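Enquirer: Dumping the structure here so I can ask a few things about it.
The values are calculated or read from the model by the stated rules, or taken from the named source; none is laboratory data. Computed from a prediction, not measured in an experiment: that's the story for all the values here. Methodologically, a virtual Cβ is constructed for each residue, glycine included, from the backbone with ideal geometry; neighbour enumeration extends over all protein chains shown.
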Amino acid sequence: MERPPTYPVALAIPVAWGEMDAFGHVNNTVYLRWLETARIEYFRRVGMLDRMQRERVGPILARTEIDYRVPVAWPDTVRVEVGVEKLGRTSFVLAYRVTSESRGGAVVAEAKTVIVNLDYERSAAVPLGDALRESIAALGATG
C-alpha cells in the first residue's frame, strides 16, 4: 500500500554547537541521528520496541536516502516528522521531513528509510502482521 506521506510523529530537536563542521553548518551525519531519534519514537508508538523485547522480532534499517535542501547552523531547533509512506509484506518505507525553526519552518531535508521486520533469532525477514499494520493505521489516523 503506497500513499502520500503524512507525519504523525514529530519531535523538536535542538541543534548542538558540536554538530557543526568546519564549513559552518551541521554535518551531514547528524541528520542520520535526527532521523534515528524520530524513527525510534515511531517504533515505540506502534509497539515495535515492545515486541522486540518480548519476541526478538523487530525493525532493522535496510536503506537510507536523504535530500539536503538548506544548510542548518547553530543556534536552531529542527522539527523531524516521520510517517509510513509504503507498506509491503515484510518491510515498509518511512518518510521524513526536517524543518528549521530559525528559517520559519522551511524544509531543510527530506528522507526515506526502508525498514525490514526481522526475526533476529533466525536472521530472516518476517511478515509485518495484522497487529502492526493496525497500529500503524491507528497512529496515522490519530497522529
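Enquirer: Quick check on V72: is it β-branched (V, I, T), over 23 Å from G129 (Cβ atoms) and either surrounded by 13 or more Cβ atoms within 10 Å (Cβ to Cβ) or free of Cβ contacts under 8 Å to residues at least 24 places away in the same chain (or both)? Full working, then the answer.
Expert: Values: β-branched (V, I, T): yes; over 23 Å from G129 (Cβ atoms): yes; either surrounded by 13 or more Cβ atoms within 10 Å (Cβ to Cβ) or free of Cβ contacts under 8 Å to residues at least 24 places away in the same chain (or both): yes.
For V72, the condition - β-branched (V, I, T), over 23 Å from G129 (Cβ atoms) and either surrounded by 13 or more Cβ atoms within 10 Å (Cβ to Cβ) or free of Cβ contacts under 8 Å to residues at least 24 places away in the same chain (or both) - is met.
Enquirer: Considering region 127-143 alone, what residues qualify as being more than 24 Å from L35 (Cβ to Cβ) and either of a type in the set (S, T, N, Q) or in contact (Cβ under 8 Å) with a residue 40 or more places away in the chain (or both)? Steps first, please.
Expert: First, pick out the residues of region 127-143 that are more than 24 Å from L35 (Cβ to Cβ): 127, 129-131, 134.
Answer for region 127-143, where residues must be more than 24 Å from L35 (Cβ to Cβ) and either of a type in the set (S, T, N, Q) or in contact (Cβ under 8 Å) with a residue 40 or more places away in the chain (or both): just A131.
Enquirer: Go through region 119-128 residue by residue and tally those that are surrounded by fewer than 17 Cβ atoms within 10 Å (Cβ to Cβ) and either touching a strand residue (DSSP E or B) at 6+ places or on another chain (Cβ under 8 Å) or within 29 Å of A16 (Cβ to Cβ) (or both).
Expert: Pass one, region 119-128, residues surrounded by fewer than 17 Cβ atoms within 10 Å (Cβ to Cβ): 119-127.
Subset that is either touching a strand residue (DSSP E or B) at 6+ places or on another chain (Cβ under 8 Å) or within 29 Å of A16 (Cβ to Cβ) (or both): 119-120, 124-127.
Qualifying residue count for the region: 6.
Enquirer: On the given criteria, is L11 in contact with a Leu (Cβ under 9 Å, 6 or more places away or on another chain) and among the hydrophobic types (A, V, I, L, M, F, W, C)?
Expert: Numbers: in contact with a Leu (Cβ under 9 Å, 6 or more places away or on another chain): no; among the hydrophobic types (A, V, I, L, M, F, W, C): yes.
No: the conditions fail for L11.
For every residue, the table says whether it meets (1) of a type in the set (V, I, T); (2) in a loop (DSSP other than H, G, I, E, B); (3) surrounded by fewer than 15 Cβ atoms within 10 Å (Cβ to Cβ); (4) at pLDDT 95 or above.
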residue	(1), (2), (3), (4)
G18	no, no, yes, yes
R33	no, no, yes, yes
R63	no, no, yes, yes
V78	yes, no, no, yes
E81	no, no, no, yes
R97	no, no, no, yes
A111	no, no, no, yes
N117	no, no, no, yes
